[in-house]
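Some notes on the structure that comes next.
The values are calculated or read from the model by the stated rules, or taken from the named source; none is laboratory data. Predicted, not measured: the structure shown is a model, and the values here were computed from it. Cβ: placed from backbone, ideal geometry, glycine included. Neighbour counts: every protein chain shown.
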Amino acid sequence: MLEHKRSAPDGDDGEQATLDLLASGKLEIEGRLVDASNATLYCTIDVSGRGRNGQVACVYKPIAGERPLWDFPTGTLAGREVAAYVISRAAGWDVVPPTVMRDGPFGPGMCQLWIDHDTDVDLIALSRRTDHAGLRDMAVFDAVVNNADRKIGHLLPVTDGHLYGCDHGVCFAEDYKLRTVLWQWRGKTLPRRSLEALRRLNAQLNEDGLEAELSSLLTASEISATRIRVETLLKHRVHPFPPSDWPAIPWPPV
Ligand SMILES: Nc1ncnc2c1ncn2[C@@H]1O[C@H](COP(=O)(O)OP(=O)(O)O)[C@@H](O)[C@H]1O
Ligand SMILES: [Mg+2]
């Protein structure tokens with residue numbers, strides 16, 4: 001299986017090559033992920049015809065397999081998953097593995113690089129850490145995208161210490177819906193690296209390129225709510241508090 005080389009914040013050739021492969025490679029469905037709530041398919045793409053050897057693994061979630069959600073009446077889970085990737089990349093967080101929208105065996109859907117995560121890591125212990133920069137980046141990213149489903153099982157640590165996350169279909173609500181297992185920094189001052197990432201993102205959100213990319217994935221009011229969340233974080237410079245007295249945690253938390 002091929003290794004994915006992480007990109008620089010502005011995206012490099014390696015990242016673009018991965019995106020191209022995910023967008024245009026032939027998807028072979030290998031199986032369905034059993035713990036998934038929607039149609040979440042594990043697939044491979046044969047890359048031997050592309051001057052390389054082996055396969056790339058990915059997740060394909062067809063829009064046709066999405067269950068309707070009363071609290072997310074518009075848009076698609078797949079569109080929000082791709083938008084989450086776009087935001088993560090623009091800020092330079094690299095929280096979300098490369099993700100594209102594409103056609104597939106069950107119609108249009110999202111296709112995301114599979115991350116072979118480090119199974120030696122105790123995910124419950126990881127989720128409680130306060131000294132993990134990547135985990136803290138993820139908490140800020142979740143605040144930006146208004147993630148309503150950051151579970152412990154959505155943490156994908158890799159062996160070099162980087163942390164990815166998955167399952168971003170229920171993000172970008174206009175109302176405050178942050179539901180996460182990562183409340184350990186609530187009310188704490190944002191570190192400098194978070195402010196830098198937020199400034200980078202804020203600048204790009206005010207440019208046409210990112211706006212155009214997001215507008216095929218989210219509604220105009222979801223994009224403007226995202227912009228407001230970024231501005232609010234930059235103004236107050238603290239990690240958000242939960243919506244009420246008690247932390248809003250997804251169920252089940254794992
Ligand atoms: N890109 C990925 N790389 C590695 N594992 C993944 C990836 N996406 C999903 N998974 C694994 O598959 C499980 C189910 O996928 P998820 O995106 O949570 O589906 P659902 O939307 O149905 O809950 C995740 O909890 C995670 O363990
Ligand atoms: Mg899930």
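Pairs meeting the criteria (first residue in segment 29-42 and over 15 Å from C111 (Cβ atoms), second residue of a type in the set (D, E, K, R), beta carbons under 8 Å, at least 6 apart or on different chains) are S37/R67.
Every listed requirement among (1) farther than 25 Å from A220 by Cβ; (2) of a type in the set (D, E); (3) at pLDDT 95 or above; (4) within 16 Å of ligand 2 (Cβ to nearest atom) is met by D35 save one, (3).
In the list P105, P97, P62, which residue meets the criterion of being touching a strand residue (DSSP E or B) at 6+ places or on another chain (Cβ under 7 Å), more than 17 Å from T180 (Cβ to Cβ) and loosely packed, with under 15 Cβ neighbours inside 10 Å? Walk me through how you get there before you give the answer.
Values: P97 fails: loosely packed, with under 15 Cβ neighbours inside 10 Å; P62 fails: loosely packed, with under 15 Cβ neighbours inside 10 Å.
After ruling out the rest, the residue left standing is P105.
Against the numbered list (1) more than 16 Å from ligand 2 (Cβ to nearest atom); (2) touching a residue at least 24 places away in the same chain (Cβ under 8 Å), D149 comes up short only at (1).
Screening W93, W114 for residues that are in contact with a Phe, Trp or Tyr (Cβ under 6 Å, 6 or more places away or on another chain) and in contact (Cβ under 8 Å) with a residue 40 or more places away in the chain leaves exactly one candidate, W93.
Yes/no matrix, rows are residues, columns are (1) surrounded by fewer than 22 Cβ atoms within 10 Å (Cβ to Cβ); (2) in a strand (DSSP E or B):
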position: A39; (1), (2): yes, no
position: T44; (1), (2): yes, yes
position: G49; (1), (2): yes, no
position: C58; (1), (2): no, yes
position: L69; (1), (2): yes, no
position: P73; (1), (2): yes, no
position: A83; (1), (2): no, no
position: V86; (1), (2): yes, no
position: A90; (1), (2): no, no
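Okay, residues lined up against (1) near ligand 1 (Cβ under 10 Å from one of its atoms); (2) part of a loop (DSSP other than H, G, I, E, B):
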| site | (1), (2) |
| --- | --- |
| T119 | no, yes |
| T130 | no, yes |
| G134 | no, no |
| V140 | no, no |
| A143 | no, no |
| D160 | no, yes |
| D167 | yes, yes |
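Just one residue in the set R229, R237 is within 19 Å of V170 (Cβ to Cβ), at pLDDT 95 or above and of a type in the set (K, R); that residue is R229.
Does A57 meet the test of being away from ligand 2 (no atom under 16 Å from the Cβ), closer than 23 Å to E174 by Cα and touching a residue at least 12 places away in the same chain (Cβ under 8 Å)? Before you say what the answer is, go through the steps one by one.
Values: away from ligand 2 (no atom under 16 Å from the Cβ): yes; closer than 23 Å to E174 by Cα: no; touching a residue at least 12 places away in the same chain (Cβ under 8 Å): yes.
No; evaluated as a whole, the condition is false for this residue.
Taking L135, is it surrounded by 21 or more Cβ atoms within 10 Å (Cβ to Cβ), modelled with pLDDT of 95 or more and not β-branched (V, I, T)?
yes
Scanning segment 152-181 for residues that are away from ligand 2 (no atom under 16 Å from the Cβ) and of a type in the set (S, T, Y) yields T159, Y176. Pairing each residue of segment 61-77 that is β-branched (V, I, T) with any residue that is modelled with pLDDT of 90 or more and not in a loop (DSSP other than H, G, I, E, B), provided the two are 6+ apart or on different chains, yields C-beta distances under 7 Å for I63/A78; I63/G109; T76/I63.
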